[in-house]
Amino acid sequence: MRTEQTGGRGQTAWSDIDWTATEAIVRRLQDRIYRAAAAGNGRQAKNLQKLLVRSTSAKRLAVRRVAQQNAGRNTPGVDGVVCRTPESRTRLTAGLSLRGHRPQPVRRVYIPKADGRGRTRPLGIPTIRDRALQMLVKLALEPEWETRFETNSYGFRPGRCTMDAIVALHAALAPAGASGWLLDGDISGCFDNIGHKPLLSRLPVFTTTIRRWLKAGTVELGTWSPTAAGAPQGGPLSPLLANVALDGMERLFGAEDDQGRYVRPSGRRGLDHGISLIRYADDLVVTAPTREVLATYVVPKLTAFLGERGLKLSEAKTRIVHIDEGVDFLGFTVRRYRGVVLTRPQKTKLVRHLRAIGDYLRQHRQATPSQVIGDLAPLIRGWANYISARRIKARVSLGGPPCQREAVAVGEATPSHQDSGMDPVEILRSQVELRGWPNEACTARRGPHHPARQGSGEA
């Protein structure tokens with residue numbers, strides 16, 4: 001198939017597009033952007049970014065991701081438009097251009113938070129055209145910023161996931177003589193309060209278009225409201241913009257030398273010695289040798305850094321603890337027991353998972369085994385994939401009628417993402433003994449196989 005690099009004269013049917021070749025074209029352009037940015041050639045990187053957003057292949061890929069692959073592909077913006085047919089996706093691709101684009105306001109919706117307290121999280125849903133254009137800009141900006149982002153920044157980055165952040169935190173705390181005090185920090189309303197001016201000052205390209213997106217406003221129940229700050233969650237570009245705004249946090253504590261090379265916490269000088277910062281989006285953990293260093297040095301520096309960007313640490317969620325007390329991070333508890341640092345699934349998350357299964361079983365007592373397996377398999381598979389990717393030792397008891405359940409699971413991290421090809425549900429079936437379900441305890445034992453580690457994604 002012949003694919004034009006830029007322009008839209010030759011229209012190809014959506015079903016006839018060679019997606020392997022399309023992704024290869026975009027990947028080559030992204031590689032060139034990355035190499036130019038890494039070499040410090042900002043002008044060449046900027047020209048290549050402009051070339052990419054005009055590329056027909058990049059436009060097709062952007063439309064495919066937001067209108068065909070993403071979970072929110074059927075969620076409309078304020079215009080009520082979605083692209084469910086190949087013809088509508090082809091028309092959207094043909095009209096995709098940043099030149100003279102005037103974005104529409106985002107549609108404000110609220111989703112429940114996962115804390116079980118009845119709280120909601122505000123989302124801003126752009127129109128399908130704005131989402132496609134944001135994905136197009138993200139394809140161009142991401143390679144450049146991957147050369148700048150810090151070593152221990154893991155949220156919403158290609159090739160990185162929550163397990164990488166957990167491994168980094170465990171590695172920072174496990175060695176003998178490692179720092180034993182931790183700052184468990186959370187940025188209050190990160191996406192909703194990012195200052196537009198400091199964010200835009202860091203973007204050398206597409207500044208006008210991104211400013212229009214940020215200033216487009218929100219529509220809630222038919223009422224338009226301006227946006228003075230923040231990058232509304234719901235758009236493909238918002239996570240990248242949040243990472244751009246928060247970039248530089250780890251460098252506050254001597255994480256890089258003059259040549260931009262990473263410096264280990266043990267090799268840093270002065271008050272920065274022994275300080276390690278691990279961040280996943282707006283959640284962060286800072287380790288330090290003493291409580292005083294965290295209280296008098298780390299917290300003031302972080303407060304000043306965030307204040308310049310219109311942000312602040314959450315007073316309710318930010319606390320200083322010792323490793324013997326443990327810290328909860330991304331669904332896991334990292335704690336030292338009798339001189340050994342263990343990373344285990346967070347108790348509240350485990351209890352919530354088991355209760356969800358128990359509630360389903362109580363509500364479907366007359367269901368057939370095939371229906372139960374079909375409904376619970378995605379839930380068990382997702383949970384098993386998540387917790388099995390790291391060394392885990394967990395013991396959970398969930399009491400009360402009509403059944404008592406106790407599960408003990410011990411897993412070792414596999415050397416590669418793809419070492420195990422077994423399905424997590426099949427692994428659980430091979431490891432779990434059911435004795436008179438649901439009135440007897442079930443015990444999950446270590447088996448010869450463990451689920452493959454998940455790739456990048458949101459926790």
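With R99, R129, R35 as the choices, which residue is part of a loop (DSSP other than H, G, I, E, B) and either open to solvent by 60 Å² or more (accessible area, probe 1.4 Å) or among the basic types (K, R) (or both)?
That would be R99, the only listed residue that is part of a loop (DSSP other than H, G, I, E, B) and either open to solvent by 60 Å² or more (accessible area, probe 1.4 Å) or among the basic types (K, R) (or both).
Going through the stretch 323-357 one residue at a time, which ones are assigned to a loop (DSSP other than H, G, I, E, B) and either on the phi > 0 side of the Ramachandran plot or open to solvent by less than 40 Å² (accessible area, probe 1.4 Å) (or both)? Reasoning before the result, please.
Quick first cut of the stretch 323-357, residues assigned to a loop (DSSP other than H, G, I, E, B) only: 323-326, 330-331, 338-339, 346.
Residues satisfying the conditions are I323, G326, L330, G331, R338, G339, Q346.
Determine if the stretch 90-101 includes at least one residue that is closer than 26 Å to S55 by Cα, under 26 Å from the mean Cα position of the chain (by Cα) and β-branched (V, I, T).
no
Output the number of the condition that K317 fails; it satisfies all remaining conditions of (1) under 20 Å from the mean Cα position of the chain (by Cα); (2) closer than 27 Å to E144 by Cα; (3) assigned to a loop (DSSP other than H, G, I, E, B); (4) among the basic types (K, R).
Here K317 clears every test but (2).
Which of the residues spanning the stretch 53-91 are open to solvent by less than 20 Å² (accessible area, probe 1.4 Å) and either in contact with a Leu (Cβ under 6 Å, 6 or more places away or on another chain) or of a type in the set (D, E) (or both)?
If the condition is that a residue be open to solvent by less than 20 Å² (accessible area, probe 1.4 Å) and either in contact with a Leu (Cβ under 6 Å, 6 or more places away or on another chain) or of a type in the set (D, E) (or both), then V53, A58, A62, V63, C83 are the ones that fit.
Being within 14 Å of I275 (Cα to Cα) and either open to solvent by 10 Å² or more (accessible area, probe 1.4 Å) or without any contact (Cβ under 8 Å) to a residue 24 or more places away in the chain (or both) is the filter here; which residues of the stretch 152-169 pass it?
N152, A168, listed by residue number.
Considering the stretch 150-165 alone, what residues qualify as being farther than 17 Å from L330 by Cβ and touching an Asp or Glu at 6+ places or on another chain (Cβ under 6 Å)?
E150
Mind listing just one residue for me: the one in the stretch 300-309 that is within 22 Å of H196 (Cα to Cα) and of a type outside the set (S, T, Y) and, of those, surrounded by the most Cβ atoms within 10 Å (Cβ to Cβ)?
L302
The values are calculated or read from the model by the stated rules, or taken from the named source; none is laboratory data. As the structure is a prediction and not an experimental result, all values here were calculated from the model. Using ideal geometry, Cβ is built from the backbone for each residue, glycine included, and neighbour counts are taken over all protein chains shown. The area values use the complete protein model at the heavy-atom level, side chains included, leaving out ligands, DNA and RNA. Shrake-Rupley method; radii C 1.70, N 1.55, O 1.52, S 1.80 Å.
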